[in-house]
Amino acid sequence: MAFFLRRPKGPFILREGMAMHWDTEDPFIFASHHEDDYPKGNAQMAPPLQEISGRNLGRDYQKFFGFRMYNGKVVPGFPLHAHWGYETVTLPQLGYVDHSDSEGNTGRFGFGDVQWVSAPCFYEHCEMYPLVDQENRNPNDITQLMIALPLEMKNLPEISVNTVWKERVPSVCSGGSRVQVICGDFGGQTAASPSIHSWADGTHGVRILRIEMDPGAEISIDPAAEGANRNLYYVSGDRAEIMGEEVVWNTRMKIGASEEIGIRNGRKPSVLWLLEGIPIDQRMSMFGPVMLSNDTEVRQAMQSIRKQELERWPWELVDRVNPMDSGRFLLRKDGTREMPPERSPSEKAFMHAVERYQKQKERGDQRHGRQKIIGIHPDMPEIRLHAVVAEVSSHGLPADELPDITRRYFALARDLLFRRRVMQHGSHDGAVGCA
Ligand SMILES: [Fe+2]
């Protein structure tokens, strides 16, 4: 009797619903996407006690009051845990991650920064989500991917921890779409893992794109590397036309490497992720936080973790957070401090104009600059963003820099909204008012 595998009709090899953890393919071994609407933080950068009492603290994966504590008992997040045999990519689009590790590194990253951690051997860290805003809610949107390391890189002693600040993450904006090129090539931009040991080093077709689309926007994505596994994840929005098919959000699509992917968004802003990579195609064994060549190695590694978990941890707390006002930084074990790059003159001028406007508004001065709605906030569609073009122009910026300011506006507005609280909900007449 002959059996035939029937290929599903339509452009997708596979199409299925998604959960918080996405189904992935070699070389990706794990992907998760968390969205939590945390309340305003207390002095410990934690939710108020009345909102976390009664939970199964230490293992809280069910949303109550709009958020989860995960493994955190005071601050949400993931206290001390091990990684061994793979690389991790973490992108907090909203919110901060406080990170400390067994190497002695610590730091804070967030709001579009990308952290790469390559751990071929025994490595431990904690990843906490501090609620730094004590006057407003602390919404969080964090995506984490894990990429396997091939057998020849397992157990090598060099651990890499790097933060690519959001200002240096390449982006491609066109036709109402904004693409963060986290890894690989797209639209003339290129990125690769900064780790010493990585399958995503630019030679194995690994491409990671985060795609934001305005209502009605269209985008075309070129084919993947030959032989690459390829999955598109429709993470948020409503519905879109993808390769000629109507797709509702919360859908994973496996797509052939040679296909061009055309997307036409529907009526609501959408976010999609594209993960591509040539498979490592090696037999490996994985249990818990360990991925090595076989079961024996994994068992030995798990024993090492159990025995040395605390003695290798250099910090006083397993759920360590940094001071509330520390901002974004990476402090390496050798004392080297890495900071986000200085803002460009255009960005500084723009932020100065916004702050000046806000002061005028607080004083009741109605002589605001010329306004223009420049878009809808991709994460909060109910918010419309305005810019005071005249204000910015008055700072002596050449006219041809204005489009650049507009492109950078969403990131700046997010900073202002969540960190400086300059924006105000309900306003309709502001330089960065929200209507
Ligand atoms: Fe981790």
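Nothing in this text is a laboratory measurement; each read-out follows from the coordinates by a stated rule. Please read these numbers as outputs of a predicted model, since none were measured by experiment. No Cβ is skipped: glycine too gets one built from the backbone with ideal geometry, and neighbour counts run over all protein chains shown.
Brief remarks follow.
- Close amide H contacts of G184 (hydrogens built in the peptide plane, cut-off under 5 Å, sequence separation of 5 or more or a different chain): A191, A192, I208.
- With R₀ set to 56 Å, the beta-carbon distance separating Q189 from Q62 gives a calculated FRET efficiency near 0.90.
- Region 40-60-region 255-331 distance, computed between alpha-carbon centres (Å): 25 Å
- Ranked by the mean number of other Cβ atoms within 10 Å of their residues, highest first, the peptides 301-309, 137-145 fall in the order 137-145, 301-309.
- Across region 227-235, computed HN-Hα scalar couplings (Karplus, 6.51 cos²θ - 1.76 cosθ + 1.60, θ = phi - 60°) run x, 6, 6, 8, 9, 10, 10, 8, 8 Hz from first to last residue, x flagging Gly and Pro.
- Around the amide H of L14, modelled in the peptide plane, lie the amide H atoms of K254, all under 5 Å away and 5 or more residues distant in sequence or on another chain.
- Taking θ as phi - 60° and the Karplus parameters 6.51, -1.76 and 1.60, the scalar couplings of region 182-196 work out to 7, 7, x, 10, 7, x, x, 9, 9, 8, 8, 4, x, 6, 5 Hz in sequence order, x denoting glycine and proline.
- In terms of other Cβ atoms within 10 Å, L151, L330 run from fewest to most in the order L151, L330.
- Sparse-neighbour loop sites [GluC sites (Glu not before Pro); region 192-234; at most 10 other C-beta within 10 Å; DSSP]: E226
- Calculated FRET value between D201 and S174, using beta carbons and R₀ = 25 Å, to 0.05: 0.35
- For I278, I219, I196, I147, order by how many other beta-carbon atoms lie within 10 Å, fewest first: I196, I278, I219, I147
- Two-site FRET efficiency, L151 against D222, from Cβ-Cβ distance with R₀ of 30 Å, rounded to 0.05: 0.45
- The phi torsions of region 131-145, fed into the Karplus equation with coefficients 6.51, -1.76 and 1.60 and a -60° offset, translate into couplings of 8, 6, 8, 9, 10, 10, 5, 10, x, 10, 9, 10, 10, 10, 10 Hz, rounded to whole numbers, with Gly and Pro shown as x.
- Neighbour counts of other Cβ atoms within 10 Å put M243, M339, M128, M146 in the fewest-to-most order M339, M243, M146, M128.
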